[in-house]
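Rule-based calculations on the coordinates, nothing more; no lab input. Model, not experiment: these values are computed from the prediction. Backbone-built Cβ (ideal geometry, glycine too); neighbour counts: all protein chains shown.
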Amino acid sequence: MQTRDGSSLCTVFRDAPVFRLLVFLLIVLPCVETTLLLMLADATSWQVALAFVVVTGIAGAWLLKHQGLRTWSRIRQDLSAGQVPTDSLWDAGMLIAAGVLLLTPGVLTDLVGISLLFPPLRRLYRYWLVRGLRSRAGVPRAGSFTEGKSEVIDSYIVKRHEDQPL
């Protein structure tokens with residue numbers, strides 16, 4: 001099947017970042033998780049592998065509850081002080097991601113999910129995410145404009161009186 005511009009639909013989907021993400025989440029990640037669980041069970045026993053998944057899930061849920069309440073409190077404090085709670089909102093998003101990862105059975109997702117529950121690691125992840133988003137969005141940093149490459153457009157406002165037509 002062809003698109004209007006003549007390219008194949010397979011080409012369009014293969015080149016789409018969302019398609020790559022779905023392939024990773026639905027094919028690659030489950031294969032890696034299964035392999036890691038089997039390696040853990042082979043190195044220890046199937047009971048240890050099962051206990052690891054269950055204990056990390058329970059511990060993660062407990063940590064998620066306490067970190068989530070603390071983050072919610074910080075959001076409320078920032079809002080009552082008249083500030084935008086940007087860092088707290090980033091933390092809340094990462095805690096939601098941690099909850100999803102901890103609900104997904106597996107070794108790798110549990111480790112990443114638990115790492116998102118610790119505030120120092122969340123700060124590091126937030127720094128990486130913000131830096132990556134700024135570079136993709138093309139947001140300039142302070143002092144990044146070069147001499148002679150900027151243009152200033154001068155303007156003024158004319159006040160219109162009610163009796164004048166547009």
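Quick notes on this structure:
- Exposure proxy order (Cβ contacts within 10 Å, fewest to most) of ASP42, ASP91: ASP42, ASP91
- Charged side chains reduced to their Cβ positions (Lys and Arg at +1, Asp and Glu at -1) give region 45-137 a dipole of some 300 debye around its Cα centre.
- The slack in the chain from ARG76 to ARG20, taken as 0.36 nm per residue of separation less the alpha-carbon distance, amounts to 16.4 nm.
- Part-to-part distance (alpha-carbon centres) for region 59-118 and region 26-41, which is given in Å: 25
- R0 of 25 Å, Cβ-Cβ distance LEU111-VAL84: FRET efficiency to nearest 0.05: 0.20
- Mean separation of Cα contacts under 8 Å, 6 or more apart, over the residue count of region 45-137: relative contact order %: 29
- Using the Cβ-Cβ distance between TRP62 and LEU29 with R0 = 30 Å, the FRET efficiency computed as 1/(1 + (r/R0)^6) comes to roughly 0.75.
- Among SER45, SER115, sorting on how many other beta-carbon atoms sit within 10 Å of each Cβ, with the fewest leading, yields SER45, SER115.
- The phi torsions of region 71-77, fed into the Karplus equation with coefficients 6.51, -1.76 and 1.60 and a -60° offset, translate into couplings of 5, 4, 5, 5, 4, 5, 5 Hz, rounded to whole numbers, with Gly and Pro shown as x.
- Burial ordering of LYS159, LYS65, fewest other beta-carbon atoms within 10 Å first: LYS159, LYS65
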